[in-house]
Structures are given as structure tokens and as C-alpha cells.
Amino acid sequence: MPPPEVIGITHFPKDPAWQLRSNPINQGEFLRQPMMRPKFFADGLSLISPQRSQVDTNSDAVISLANPQKRWILASYSPKGSSGSQNCGQPIQDSQVSCPLPSSGNYEVSLFTSTENRGNFDYVGRLEFNKT
């Protein structure tokens, strides 16, 4: 059984008691939270910032994570609605991912993890950045 914080990313019960959280969230907070996959949490990761699914920035897209298991993290970005993506750099085992967004516009930044530097990376979540 996943913890309430994990299942609460994809499920919002009508009765707040069924959130099983010490501090239930409202529907607006549910809709604004980043959509991380269960694998994100299974890999021991937690999102420090941003705390919203959509973020405004005037520079790079920066994502801060707690990564105690030192998973390899790879990020890519694409203009929102586009099928083509570009890597934000090489895989890292750090706690901060930075994507240099090329120009103003809306971008989707996807995160992938692996136990190895090279090999298969699994999709674990996405955030949106609006570069002004």
C-alpha cells in the first residue's frame, strides 16, 4: 500500500478523511501539485522545489531534489505540446537539475532515473516552466 503522499498525487477522494493525511489538501492544491510517478518515490526521491506543477522563470528551469540513494537523474525539455525533446545535459547523481531553456515560452521538463550512468532510464515525472 503506497503512503498517502504518493497515492495523493494521482487520486483525490471526495471525502477528505480518505486522503489519510494529517493535513488534507483541497482540490486546488491537488491540481497544482507536480505529477510525479510512483517510481519517483520508490527511487527514494523527494521534490524540494518547485512545489507547483507549473512555474514561471526568467532563466533556467531548476529542480531541487532529495536524492539520498544517489540515483542517476536525466532531464529533458521540450516546448509544451511538441513531440521532440532535448536533454538538459549529462546524467547526474546530484540533488539539483538545471535545464537551460533556449527562449521565452512554455516548456515541459521531464525527469528520468536509473541505477547506472549509462543504460535505461525510467520516466518518473514532469514539471512545466514558463520562461518569460
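In this structure, does Gly44 turn out to be among the small types (Gly, Ala, Ser) and open to solvent by 30 Å² or more (accessible area, probe 1.4 Å)? No: the conditions fail for Gly44. Among the residues in segment 56-74, are any open to solvent by 80 Å² or more (accessible area, probe 1.4 Å), in contact with a strand residue (DSSP E or B) (Cβ under 8 Å, 6 or more places away or on another chain) and either more than 27 Å from Glu116 (Cα to Cα) or acidic (Asp, Glu) (or both)? Looking for residues that are open to solvent by 80 Å² or more (accessible area, probe 1.4 Å), in contact with a strand residue (DSSP E or B) (Cβ under 8 Å, 6 or more places away or on another chain) and either more than 27 Å from Glu116 (Cα to Cα) or acidic (Asp, Glu) (or both), one finds at least one in segment 56-74, hence yes. If I ask for residues that are in a strand (DSSP E or B) and over 19 Å from Gln54 (Cα atoms), which ones from segment 87-125 would you list? Matches in segment 87-125: Asn87, Ile92, Thr113, Ser114, Asp122.
Among the residues of segment 10-29, how many are farther than 17 Å from Ser46 by Cα and either of a type in the set (Val, Ile, Thr) or part of a helix (DSSP H, G or I) (or both)? Of the residues in segment 10-29, 8 are farther than 17 Å from Ser46 by Cα and either of a type in the set (Val, Ile, Thr) or part of a helix (DSSP H, G or I) (or both).
Checked against (1) touching a residue at least 40 places away in the same chain (Cβ under 8 Å); (2) closer than 22 Å to Asn130 by Cα; (3) open to solvent by 50 Å² or more (accessible area, probe 1.4 Å), Lys39 passes all but a single condition, namely (2).
The values are calculated or read from the model by the stated rules, or taken from the named source; none is laboratory data. Note that this is a predicted model, so its numbers are computed, not measured. Counting neighbours? That spans all protein chains shown, and the Cβs are built from the backbone with ideal geometry, glycine included. The accessibility values were calculated without ligands, DNA or RNA, using every heavy atom of the protein model including side chains. Shrake-Rupley method; radii C 1.70, N 1.55, O 1.52, S 1.80 Å.
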